[in-house]
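Written below as structure tokens is the structure these notes are about.
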Amino acid sequence: MSGRPPSDLGREVVLTLNGPDRRGIVHAVTGAMVGLDLNILDSQQFGDPSTGEFHLRMHLGGSTPIDAVALEAARTRLATELRVDVDVHDPHEPHRLLIMVSRQGHVLNDLLFRVRTGQLNVEVPAVVSNHEDFRAEVEWHGIPFHHVPVTKENKSQAEARLREIIETERVETIALARYMQVLSEDVCGDFPGRIINIHHSLLPSFKGARPYQQAHERGVKVIGATAHYVTADLDEGPIIEQDFRRVDHRMSPTQLAATGAELEAMAFARALRWHVERRVVLRGRRTIVFD
């Protein structure tokens, strides 16, 4: 358990459990939480018959501040006895989110608005971009802006600078808000499950450049956006969320792009919120998402 000092944990906690399925898991967890005088505010679970694994997310609350030492002892005991991974998280502690962007600002704008109005429980310690386009806007929000240009010649130096920012700012998750540079295999491998991208189509369709032009040329009837975890395989990472809208032949590429921009912002915001709230279970190439 990490985050706030034990004496300042608060009255709510989110517990997540993942591991081999077996009888009695829910009973054991519930009993341990009752022993800590905690009430179940919400509980969702899934036993996956395809893998034999069990996944649980439980939101708990108490009438007094939670004893973090006792909670950690219960977490350790459950993990050992059930042979599963158990984590606990303070749902009120802001998540440290680094945003990366290039020259399209619609997703960045949406995220900054949601952060400013409290719709996302995150704090943004920095925004990184390979262009200067959004410096003034980001700094207006009181957020440091880092211009880190990327070329074939300086890619390794640029990624070294990115790592410095991540470490210095204690970044938990990296949001690629239409960041149009491919991260190296090393960076992807060093931050598994911590980099989330928004892709401008319903993957695996229309990869690469000019997706809405491609969609228009193919006469598609549905367009959408895909939020996914980033892996070394370009645009092949586990999908967290997708959104879509029906379209028809009357819409131009520009109109398709405008509709797509709305879908991108909405899908990305939902994916980030679910990730921050510990609602996403990452298992290989799949995700399990508790609503």
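Okay, helix-only estimate at 222 nm for the chain: each DSSP H run of n ≥ 4 adds -39500 (n - 2.57), divide by all residues, round to 500 deg cm²/dmol; what do you get?
On the way: 8 runs with 95 residues, N = 291.
Rounded to the nearest 500, the figure is -10000 deg cm²/dmol.
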Problem set entry | Cα-Cα P(r), the chain, percent of pairs per 10 Å interval | 6, 25, 30, 23, 12, 3, 0
Exercise. What is the Cα coordinate range of segment 76-226 on the first, second and third principal axes, sorted by size from largest, in whole angstrom?
Worked result: 58, 37, 37
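Based on the Cα gyration tensor of segment 49-155, what are the three equivalent ellipsoid semi-axes, each the root of five times an eigenvalue, rounded to whole Å and given largest first?
Values: eigenvalues 301, 78, 35 Å².
Semi-axes from the Cα gyration tensor: 39, 20, 13 Å.
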Seminar exercise, completed: The extension gain from Leu41 to Arg83, computed as 0.36 nm times the residue separation minus the Cα-Cα distance, is 12.6 nm
Problem set entry | Backbone N under 11 Å from the Asp48 label point (7 Å along Cα→Cβ), restricted to segment 270-291 | 281-289
Exercise. Pulled fully out, how much extra length does the chain show between Lys221 and Asn109, if you take 0.36 nm times their separation in residues and subtract their Cα-Cα distance?
Worked result: 37.5 nm
Seminar exercise, completed: The farthest towards the positive end of the charge dipole of the chain, of the residues Ala271, Val247, Thr151, given +1 on Cβ of Lys and Arg and -1 on Cβ of Asp and Glu, is Val247
Problem set entry | Range of Cα positions in segment 6-89 per principal axis (Å), largest first | 41, 23, 18
Seminar exercise, completed: Where a ≥ b ≥ c are root eigenvalues of the Cα gyration tensor, a/c under 1.5 meaning rounded, otherwise prolate if a/b exceeds b/c and oblate otherwise, segment 142-223 counts as prolate
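Magnitude of the Cβ-charge dipole of the chain, K/R +1 and D/E -1, about the Cα centre, nearest 20 debye?
Using Cβ point charges on Lys, Arg, Asp and Glu, the chain gives about 740 debye.
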Exercise. What number, in percent, do you get for the relative contact order of the chain if the mean sequence gap of Cα pairs under 8 Å and at least 6 apart is divided by its residue count?
Worked result: 15 percent
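Length gain on complete extension for the stretch Thr168 to Thr30, per 0.36 nm per residue less the alpha carbon to alpha carbon distance?
Numbers: separation 138, 0.36 × 138 = 49.68 nm, distance 3.87 nm.
Using 0.36 nm per residue and subtracting the Cα-Cα distance, I get 45.8 nm.
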For this session: Could you tell me which of rounded, prolate or oblate describes segment 138-291, using a ≥ b ≥ c as the square roots of the eigenvalues of the alpha-carbon gyration tensor, with rounded for a/c under 1.5 and, failing that, prolate when a/b is larger than b/c and oblate otherwise?
Result: prolate
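Any read-out appearing in this document is the output of simple, stated calculations on the displayed coordinates, not a laboratory observation. From a predicted model like this one, the values you see are computed outputs, not experimental measurements. All Cβ positions, even for glycine, are placed from backbone atoms using ideal geometry, and neighbour counts span all protein chains on display.
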